[in-house]
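Input: one structure, supplied below.
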Amino acid sequence: MDEPRRVILLGATGSIGESTLRILRAHPDKLQLVGVAASSSAAELAAIVREFGVPHAALTNDEAANSAVRDGLFPPECELHCGEAGLTSIATVPEADMVLVAVVGTAALQPTLAAIEAGRDIVLASKEILVLGGAFVMEAARRAGVRLLPADSEHNAIFQCLEGHPERHLDKLILTASGGRFRDRDPATLGEVTPEEATDHPNWSMGPKITVDSATMANKGLELIEARWLFDLPADRLEVVLHRQSIVHSFVQYVDGSILGQLCPPSMTFAIQHCLLHPERAPGVDETLDFSQALTLDFAPVPAGRYPCLDLAYEALRSGPVAMAVFNAANEVAVADFLARKIGFLEIPKVIRRVLEQCGDRFADSLGDLLGIDGEARRLAR
Ligand code: NAD
Ligand code: MG
């Protein structure tokens, strides 16, 4: 039998991290955890290290890292990588085969590029990384000859539906969207919604940022941009359809009109496990669909004007890589401010629009330029 794949998990204490640990527990013969990283949840991270006997851990928050060292929180046989640089150092340790990136936002962009250059396969949950630096990440992966496996459920569905089909047969990609928490709410009342309401998703259990993104549908916008980089298609060949049940995770339409979709219940374990074991398959950790029970699936067009963040994402997609990066930066700041009760829900698209107007048409031909614009967009958004 093959040796188990050695996995580094960045974002181990989050929602994707938790789903990944369930898969690792179920398949110890196939997958071995050799590194885990989080920002500041030291006790939680140390518990994972003890449970799985992990030799490397990283805490990017300096204070959290210092007190973990002071209190001897981690077993002596575990090497602790501290601070922001610790994320790159753990992502490139020699004894790993793949790095699963599940850090919210763009903090793992440079560590991911470093892992690619070190020859590691990447399982990508953090969509923001591609939205900011897609051209550079895709080019680095091509150059290094490593695999970039999409764990975001829509992109994983598309990846599965594309396998074995030549590119020339592909017509378009159709991403499914649940419509988020407020899909049935009177739009006139959206100004009053609270962070508690916006972080409660009807179908999925996820981290707070992505759940708010889902309610504004900025998430689907980020995913359109992610799809643009992963599958190299322009805006007019990327569509979105509302699908309340989150059972069909996306569709691929071929030139002859045939449409393929991938189905499973709304749990991220299906997509994550598909990536971790690819091209192998093994029993899943969650029950799948059961057609002995009645199941109804609905599809509907996205109502025009209802989701301004999605419209802005399409504009950014048509405009180019700088606008895409600016869209992401402004959205991250606006969502953080909404969660901190500094702005209302309806102000999120307004912030994005104004920042896009002010710096969405700059020029960048290096990653350094792009990161500079990202920083400026964040300052403007604030
Ligand atoms: P989360 O908020 O639940 O967890 C985030 C994780 O990242 C935590 O472990 C946290 O400690 C870590 N982290 C945060 N900032 C960090 C930093 N600067 N350095 C190192 N670690 C840091 O988020 P989540 O819902 O698990 O989402 C993670 C990523 O996966 C996001 O990019 C999200 O868009 C993407 N994603 C999530 C889901 C989902 O179902 N949750 C689905 C698809 C894609
Ligand atoms: Mg998704």
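Report, to two decimal places, the Cα Rg of the chain normalised by 2.2 N^0.38 Å (N = number of residues). Don't jump to the answer; show the numbers that get you there.
Working: Rg = 20.3 Å, N = 382, 2.2 N^0.38 = 21.1 Å.
Cα-based Rg divided by the globular estimate yields 0.96.
In nanometres, what is the gap between the two model label sites at residue 71 and residue 304, each 7 Å from Cα along Cα-to-Cβ?
About 5.7 nm, to one decimal.
When only alpha-carbon atoms are used, what values of Rg and Dmax, in angstrom, describe the range 5-150?
Over the range 5-150's Cα set, Rg and Dmax evaluate to 14.2, 43 Å.
I would also like to ask the following. With n ≥ 4 as the cut-off for DSSP H runs, can you work out [θ] at 222 nm for the chain, using -39500 (n - 2.57) per run divided by the number of residues, rounded to the nearest 500? Don't jump to the answer; show the numbers that get you there.
Details: 15 runs with 173 residues, N = 382.
Helix-only estimate at 222 nm: -14000 deg cm²/dmol.
Where nothing but the Cβ of Lys and Arg (+1) and of Asp and Glu (-1) is charged, how large is the charge dipole of the chain around its Cα centre, in debye to the nearest 20? The partial results should precede the final answer.
Details: 34 positive and 52 negative charges, 93 e Å.
Using only the charged Cβ atoms, the result is roughly 440 debye.
Given the options 65, 165, 344, identify the residue whose Cα lies farthest towards the positive end of the charge dipole of the chain (+1 on Cβ of Lys, Arg; -1 on Cβ of Asp, Glu).
Going by the charge dipole, the pick is 344.
Could I have the simple spin-label model distance between residue 294 and residue 357, label points 7 Å from Cα toward Cβ, reported in nm to one decimal?
Computed distance between label sites residue 294 and residue 357 equals 5.0 nm.
Moving to a separate point now. Mean separation of Cα pairs under 8 Å and 6+ residues apart, divided by the residue count of the range 231-382: what relative contact order is that in percent? Numbers along the way, then the final one.
Details: 147 pairs, mean separation 30.7, N = 152.
Worked out over the range 231-382, it gives 20 percent.
Okay, next question. Which of the trypsin sites (Lys or Arg not before Pro) found in the range 236-288 are in a DSSP loop and have at most 13 neighbouring Cβ atoms, other than their own, within 10 Å? Working shown, then result.
Numbers: sites: 237, 244, 281; in loops: 244, 281.
In loop regions of the range 236-288 (DSSP not H, G, I, E or B), the sparsely surrounded trypsin sites (Lys or Arg not before Pro) are 281.
Here's a follow-up. Quick check on the exposure proxy: order 13, 20, 288 from fewest to most C-beta atoms within 10 angstrom.
Working: 13 21, 20 29, 288 12.
Result, fewest neighbours first: 288, 13, 20.
How big is Rg to Rh over the range 89-194, alpha-carbon atoms, Rh as the Kirkwood inverse-mean-distance radius?
Details: Rg = 17.4 Å, Rh = 16.0 Å.
Checking Rg against Rh, the ratio lands at 1.09.
Short version: ³J(HN,Hα) in whole Hz for each residue of the range 121-127, in order, from phi by Karplus 6.51 cos²θ - 1.76 cosθ + 1.60 (θ = phi - 60°), x for Gly and Pro, what are they?
So the J values, rounded to whole Hz, are 5, 10, 9, 10, 9, 6, 5.
Any idea which of 180, 227, 212 is furthest toward the positive side of the dipole for the range 157-238, if Lys and Arg beta-carbons carry +1 and Asp and Glu beta-carbons -1?
227
Given 0.36 nm per residue, what is the gain on full extension from residue 62 to residue 376 after removing their alpha carbon distance, in nm? Walk me through the numbers on the way to the answer.
Values: separation 314, 0.36 × 314 = 113.04 nm, distance 2.46 nm.
Stretched out fully, the residue 62 to residue 376 stretch lengthens by 110.6 nm.
Now a separate question. Could I have the simple spin-label model distance between residue 232 and residue 205, label points 7 Å from Cα toward Cβ, reported in nm to one decimal?
4.0 nm
Any chance you could run the full-extension gain for residue 287 through residue 340? It's 0.36 nm times the residue separation minus the Cα-Cα distance, nm to one decimal. Walk me through the numbers before you get to the answer.
Working: separation 53, 0.36 × 53 = 19.08 nm, distance 3.65 nm.
Roughly 15.4 nm would be gained on extension.
If you don't mind, another one. Which residues make up the longest stretch of the chain clear of chymotrypsin sites (Phe, Trp or Tyr not before Pro) that lie in a DSSP loop with no more than 15 other Cβ atoms within 10 Å, not counting the sites? List each step's numbers first, then the result.
Numbers: sites that count: 291, 299, 363.
With chymotrypsin sites (Phe, Trp or Tyr not before Pro) excluded where exposed in loops, the chain gives 1-290 as its longest stretch.
Taking each pair of distinct Cα atoms in the range 202-298 once, what is the resulting Kirkwood hydrodynamic radius in Å?
Details: mean 1/r = 0.0644 Å⁻¹.
Value: 15.5 Å, from the Cα pair sum.
Here's another thing I want to ask about it. Using the 10 angstrom Cβ neighbour count as an exposure proxy, how do 147, 6 rank, fewest first?
On the way: 147 14, 6 17.
Taking fewest neighbouring Cβ atoms as first place, the list is 147, 6.
Under the rule a/c < 1.5 gives rounded, and otherwise a/b versus b/c splits prolate from oblate, where does the range 155-381 land using the Cα gyration tensor?
Working: a/c = 1.81, a/b = 1.29, b/c = 1.40.
It comes out oblate by the Cα gyration axes.
None of the figures in this text is laboratory data; all of them are computed from the coordinates on show. Small disclaimer: the values here were computed from a predicted structure and weren't measured. Methodologically, a virtual Cβ is constructed for each residue, glycine included, from the backbone with ideal geometry; neighbour enumeration extends over all protein chains shown.
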